[in-house]
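Let me begin by presenting the structure, written as structure tokens, before commenting on it.
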Protein chains: 2
Amino acid sequence: MEKIVSLCKRRGFIYQSSEIYGGINGFWDYGPLGTELKRNVKELWWNTMIRQRDDVVGLEATIIMSPQIWKASGHVDTFSDPMIDCKTCKGRFRADQTNEIPCPQKPGKMVSECHGEKTAPRAFNLMFQTYVGPVQDESAIAYLRPETAQAIFAQFKNVLETSRQKVPFGIAQVGKAFRNEVTPRNYTFRSREFEQMELEFFIKPDEVVETISGRVAGAVDVGRADLLVDPDAQQRVPTAPQPNWGWEAWHKYWVEERIAFYEGIGLPRTTLEEYWQKPEELAHYAKACVDILFKFPFGTQELEGIAARSDFDLSQHARFSGKPMGVFDEELRAAWSKLDEARKAELSKRYYEARLKYLTKMGVEPAKAEKEAKEDAAGLAKGQYIPHVIEPSAGVDRLILALICNAYSEVTETDGKGKTETRVILKFHPRVAPIKAAVLPLLKNKPELVRKAQEVRDLLRPWMNVFYDDGGSIGRRYARQDEAGTPFCVTIDFDTLGEKPELKDTVTIRYRDDGKQERLAIGELLNWLLPKIR
Amino acid sequence: MEKIVSLCKRRGFIYQSSEIYGGINGFWDYGPLGTELKRNVKELWWNTMIRQRDDVVGLEATIIMSPQIWKASGHVDTFSDPMIDCKTCKGRFRADQTNEIPCPQKPGKMVSECHGEKTAPRAFNLMFQTYVGPVQDESAIAYLRPETAQAIFAQFKNVLETSRQKVPFGIAQVGKAFRNEVTPRNYTFRSREFEQMELEFFIKPDEVVETISGRVAGAVDVGRADLLVDPDAQQRVPTAPQPNWGWEAWHKYWVEERIAFYEGIGLPRTTLEEYWQKPEELAHYAKACVDILFKFPFGTQELEGIAARSDFDLSQHARFSGKPMGVFDEELRAAWSKLDEARKAELSKRYYEARLKYLTKMGVEPAKAEKEAKEDAAGLAKGQYIPHVIEPSAGVDRLILALICNAYSEVTETDGKGKTETRVILKFHPRVAPIKAAVLPLLKNKPELVRKAQEVRDLLRPWMNVFYDDGGSIGRRYARQDEAGTPFCVTIDFDTLGEKPELKDTVTIRYRDDGKQERLAIGELLNWLLPKIR
């Protein structure tokens, strides 16, 4: 891991934030190469999750929102770590880490062993707090969002009404989130400011699917074989979503989609693990949650969680805002009217029970909960329901770190004089590589070579990120590009200029991963490169 | 303006943040169409400013940084509005707006006229403040960045050392910034959370250029005629930067580049104004500043400022961090050694005086300032200097608003029955349009039409954002796309299927701006569309 951290600094992938001022714990900046890598990953996610689909749209909400949102989501009350204060040394420590943290005054002892007088554990909220407006009082308190998801729920109705989407459909967002972690660690893996890529995919409750389609297809019916990646085409062969899919099928679908995404940007399936949370690990509102883990050098850790969150979030915002979050579905209304009474009773009962369970858990008093759940179930006949949601939630920064860890490799070479050198190759998938092609004139001081190389650069540049480099020996320039993870080097030499007439207007393509070279006509270059980097 | 605000909500360009909770003043969300529009603009900026150039690299720094950065930049001390408190009503008001703000208790009177007992004006800092880490004390105070620029200065040395760039070169960043405006206004124009696109372009001080090139080319020498946009090619014909450019030439160059950018994304020159700040309006460290203004419905207001900021920022961070911010330039060292003594003395003196002026203004005591300035000037002989900077700083949100205002147009049509209808067309440049092409099967209930239309959708989708719509009459679908600003509609009809054999596999292209239609072979579609949207 140390080598990776050192490479990241040395090549401008990642710097410590505010480094010249001694840094700020838990904050990291991306340098030129890191920024391009991150942009590529976010762009590929956006393209895959939104632009290539008919059923997902984007949202870009603010980081500071009404504090009511975090009351509804539960973050104000429960998004906290237990902390103890030491009255002797004035330190504050995570209650569950007192055995690991040395006492600031007597570092030979752990906090749990020292003689300082400590308070009982108290909840320390992880949201960063600020004040909006000129007066700093209770009413002006606001938070930096600890996740991007809640804005999607808060704007669900606006998006539904303005985007010509119908359930099932999704709303996706990419953006910064903030958590005042007590102990940021593992480099950029757990930092206080980070970026998320979240999709909330809204689906019909199973009772609604059953009403409309007669039966609900579960996860087993999705047909996993169809969801494999075609290794030749390097492309997903997706099962098209079906109207009879229930939440299990949708959940499974998104797990497969997301794994295929990671494979498609160069994380082999063998570096990933799929962890299905056990019933006792699930949040109380979740029906299932799958973590996609990556084998980091510091341990196997989560890249993404894909949760089936029921109708919890929309229900909470409906209760806290007083604004209805249900949708109307003509198909449901029509199908319901054709059900026989026994089916109506059975489906109503199931829907009622689910709603009652939610309301009861939220502390709504029994009589009120029963009344509300009854009203909710009666809504089915009118074509009304509250959508459920599947949430694939990924962390950008940890994905960047996974890509760098996975790409990192070393090669040891011995030169003609017997001198041995170990150097780094970052074997990024060309799709995410910060630089797609380096354009290199063999010599800097031959104007014809330089002119031709600049022509090639200008030919490629509108279509991809290219790097022009004329400094140093060609071998050193190749090595520099290997370290930057550039998959292809394009060299312009005297043959390009026609020294060997049969090679006129051809260039050398040099592959990063094995150093092999081949000759290609400039006229074919763009069409040769484009499919490789897209 | 009201019509524009209403359209933005209705079509999902812009929503009020946290609307279901009554909103939060000064915060705005982007809906599906607004998000795509904003992404396109940011992507075009990134492409133009970084990827299409050899001399600019990107950075992505954190929003929360060391508070020292804001001490060095001056924001902690001076980024404030004067506020008065009313002891009677407990309100807080901007001291310069008491004539415009009604008294909360007696709204018939303005704050300046009411009888409330008021405090003297006090500075109210516009930075949002928070605490990092578990303990909320002085040492934990941090700020949300009020601009993206400072991170670039703080990371200047890291980028210089890891990116193979040499002065002149630039570092660019796109990202959120926050200002706790007392009076957010003009829709999204002045909001509390906003996004910036900033470039810091580092150049040699004029004394260094003069040493190396013999003379300094000023603004007049840039050759404005070369900087015009070619209206046919819709592309910039830039003057290539020259080694002998001084700060005035570089400043002028960036002003022209930035105006060309706005023209290139569809803001006609006639909608823009160029305002050269008067000497008395300039910040004390600025040598010049040009505002690029757009004629908004609520007034002509700033989109971007392009400032020549001297070496102020790097100098401040050098003093506050104790880390040197100078660069070494072998060319300078070599050139200096060839100067005659008189030239050396003259250039040294000019550099010394500029440094002394800066240090004196910053309150460094005279003896120390003289000593430091002398050392700085002595650095020239060793090839050392502190770069100056040109800063084109643009606001994303106000640009989005400008693009929407500029695109907004209405058309009134009378149908066959004499019924008149006024509808909206958003005439976005295809480059920024959220949707590039809508794909429309003439009828929804003809499987062959639908299948063919989906083929066309899948043909275009990897290359651009397309929208598939089969709902409602074709006229209504066209109208919906006009309102969304989609430049091209592609209609699949019975001729496409071969009803007229000579039209088999052709589609109708319908233009947004004039409703004209033409016929095009599906095989030609992609190559026809791509140059129009790029």
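The values are calculated or read from the model by the stated rules, or taken from the named source; none is laboratory data. Bear in mind the structure is a predicted one, so any value in this text is a computation, not a measurement. Backbone-built Cβ (ideal geometry, glycine too); neighbour counts: all protein chains shown. Protein only, heavy atoms only, side chains kept; ligands, DNA and RNA dropped before computing areas. Shrake-Rupley method; radii C 1.70, N 1.55, O 1.52, S 1.80 Å.
I'd like the interface area for chains B and A: accessible area of each alone minus the complex, both sides summed, 1.4 Å probe, protein heavy atoms only. What is it in Å² to the nearest 100?
When B and A are taken together, about 7600 Å² of accessible area is lost.
How big is region B:438-534 on each of its three principal axes, counting only the C-alpha atoms and giving the largest first in Å?
31, 29, 24 Å, listed from the longest principal axis down.
Per the helix-only calculation at 222 nm, which mean residue ellipticity applies to chain A, given -39500 (n - 2.57) for every DSSP H run of n ≥ 4 and division by its residues, nearest 500 deg cm²/dmol?
The helix contribution divided over chain A gives -10000 deg cm²/dmol.
Just the Cα atoms of region A:119-174: what Rg and Dmax do they give in Å?
17.0, 55
Helix B:522-533 against the longest principal axis of chain B: what's the angle in degrees, Cα atoms only, rounded to the nearest 10?
30 degrees
Tell me, which residues of region A:45-67 get at least 40 Å² less accessible area when the other protein chains come in, versus the chain alone (1.4 Å probe)?
Listed by number, the residues meeting the 40 Å² cut-off are A:Trp46, A:Arg51, A:Gln52, A:Asp54, A:Glu60, A:Thr62, A:Ile63, A:Ile64, A:Ser66.
Just how large is the dipole of chain A about the Cα centre, in debye to the nearest 20, putting +1 at every Lys and Arg Cβ and -1 at every Asp and Glu Cβ?
My answer is approximately 960 debye.
Could you check how much of the accessible area of the protein assembly as shown is carbon and sulfur, as a whole percent, using a 1.4 Å probe?
Carbon-and-sulfur percentage of accessible area, whole number: 51.
By how many degrees, 0 to 90 and rounded to 10, does the Cα axis of helix B:247-264 deviate from the longest principal axis of chain B?
10 degrees
At B:Phe328 and B:Asp54, where each label point lies 7 Å from the Cα along Cα→Cβ, what is the point-to-point distance in nanometres?
According to this spin-label approximation, the distance is 2.4 nm.
Let me test this: with uniform point scatterers at the alpha carbons of region A:75-117, what is the Debye-based log₁₀ I(q)/I(0) at q = 0.21, 0.26, 0.33, 0.35 1/Å?
Listed by q, the Debye log ratios stand at -0.62, -0.84, -1.23, -1.33.
Please provide three numbers in whole Å: the alpha-carbon extents of region A:387-427 along the principal axes, with the largest listed first.
Reported extents, whole Å, longest axis first: 70, 12, 7.
Normalized C-alpha radius of gyration of the protein assembly as shown, against 2.2 N^0.38 Å?
For the protein assembly as shown, the normalised Cα radius of gyration comes out at 0.99.
Calculate how steeply helix A:474-484 sits against the longest principal axis of the alpha-carbon atoms of chain A, using the helix alpha-carbon long axis, and give the answer as 0 to 90 degrees to the nearest 10.
Rounded to the nearest ten degrees, it is 10.
Counting only protein heavy atoms, probe 1.4 Å: which residues of region B:2-24 lose 30 Å² or more of accessible surface in the full assembly compared with their chain by itself?
Residues meeting the cut-off: B:Tyr15, B:Ser18, B:Ile20, B:Tyr21, B:Ile24.
Quick one: with label points 7 Å out along Cα→Cβ, list the inter-copy distances for B:Gly363 in nm, shortest first?
5.0
Of B:Gly472, A:Val132, A:Gly58, which is farthest along the charge dipole of the protein assembly as shown in the positive direction, counting Lys and Arg as +1 and Asp and Glu as -1 at C-beta?
Among B:Gly472, A:Val132, A:Gly58, the one farthest towards the positive end of the dipole of the protein assembly as shown is A:Val132.
Where nothing but the Cβ of Lys and Arg (+1) and of Asp and Glu (-1) is charged, how large is the charge dipole of region B:481-534 around its Cα centre, in debye to the nearest 20?
200 debye
In 10 Å bins starting at zero, report the fraction of Cα pairs in region A:1-126 per bin as a rounded %.
10, 20, 24, 30, 13, 3, 0
How big is region B:302-387 along each principal axis, measuring the range of its Cα positions in Å and listing the largest first?
Answer, in whole Å and largest first: 45, 36, 23 Å.
When the chain is fully extended, how far beyond the present Cα-Cα distance does A:Arg476 get from A:Asn445, taking 0.36 nm per residue of separation?
Between A:Arg476 and A:Asn445, full extension yields 9.5 nm more.
So what's chain A giving for Rg/Rh, alpha carbon basis, Kirkwood Rh from the mean inverse pair distance?
1.04
Heavy-atom accessible area per residue, region B:446-490, 1.4 Å probe: how many Å²?
With all protein chains present, region B:446-490 gives 37 Å² per residue.
Multiply the residue separation of B:Arg185 and B:Asn25 by 0.36 nm, subtract the distance between their alpha-carbon atoms, and state the gained length in nm to one decimal.
The span from B:Arg185 to B:Asn25 would gain 56.7 nm if fully extended.
Measuring from a point 7 Å past the Cα of B:Lys3 along Cα-to-C-beta, which residues in region B:9-39 have an amide N at less than 20 Å?
Residues B:9-14 fall inside that zone.
Looking at region B:486-533, which chymotrypsin sites (Phe, Trp or Tyr not before Pro) are DSSP coil and have at most 15 other C-beta atoms within 10 Å of their C-beta?
Listed in order of number, the matching sites are B:Phe494.
Tell me, which residues of region B:128-148 get at least 10 Å² less accessible area when the other protein chains come in, versus the chain alone (1.4 Å probe)?
Listed in order, they are B:Phe128, B:Gln129, B:Thr130, B:Tyr131, B:Val132, B:Gly133, B:Pro134, B:Val135, B:Gln136, B:Leu144.
Taking a probe of 1.4 Å, how large is the accessible area per residue of region B:322-433, in Å²?
50 Å²
What does the copy distance list look like for A:Gly471, label position 7 Å along Cα→Cβ, in nm and ordered from shortest?
Distances to the matching label points in the other copies: 5.6 nm.
How large is the translational diffusion coefficient of region B:102-198 in µm² per second when you combine the Kirkwood radius over alpha carbon pairs with Stokes-Einstein at 25 °C and 0.890 mPa s?
Diffusion coefficient, whole number: 140 µm²/s.
Given +1 on the Cβ of Lys and Arg, -1 on the Cβ of Asp and Glu, and no further charges, what dipole in debye does region B:252-406 carry about its Cα centre, rounded to the nearest 20?
Computed about the Cα centre, the dipole is about 460 debye.
Would you be so kind as to identify which of B:Asn244, B:Ile24, B:Leu399 lies farthest towards the positive end of the dipole of chain B, taking Lys and Arg as +1 and Asp and Glu as -1 on Cβ and the Cα centre as origin?
The Cα lying farthest towards the positive end belongs to B:Ile24.
In Å, what Rg and Dmax follow from the Cα atoms of region B:10-61?
When restricted to the Cα atoms of region B:10-61, Rg and Dmax are 15.5, 48 Å.
Could you tell me which of A:Asn527, A:Leu442, A:Gln481 has its Cα farthest along the dipole of region A:436-534 towards the positive end, charges placed at Cβ (Lys, Arg +1; Asp, Glu -1), taken about the Cα centre?
It is A:Gln481.
Find the centroid of the Cα atoms in region B:413-455 and in region A:148-196, then give the distance between the two in whole Å.
When both Cα centres are located, 32 Å separates them.
How big is the C-alpha Rg of region B:341-475 next to the rule-of-thumb value 2.2 N^0.38 Å, as a ratio?
2.25
Compute the label-point distances linking A:Gly523 to its equivalents in the other copies; points lie 7 Å from Cα along Cα→Cβ; give nm, one decimal, shortest first.
Going from nearest to farthest copy, the values are 2.0 nm.
Could you quote the convex hull projected area for region A:260-355, Cα atoms only and averaged over all directions, in nm²?
Its Cα hull, projected and averaged over all orientations, spans 10.4 nm².
Just to be sure I follow: if Rg is taken over the C-alpha atoms of region B:358-418 and Rh is the Kirkwood radius over the same atoms, what is Rg/Rh?
1.61
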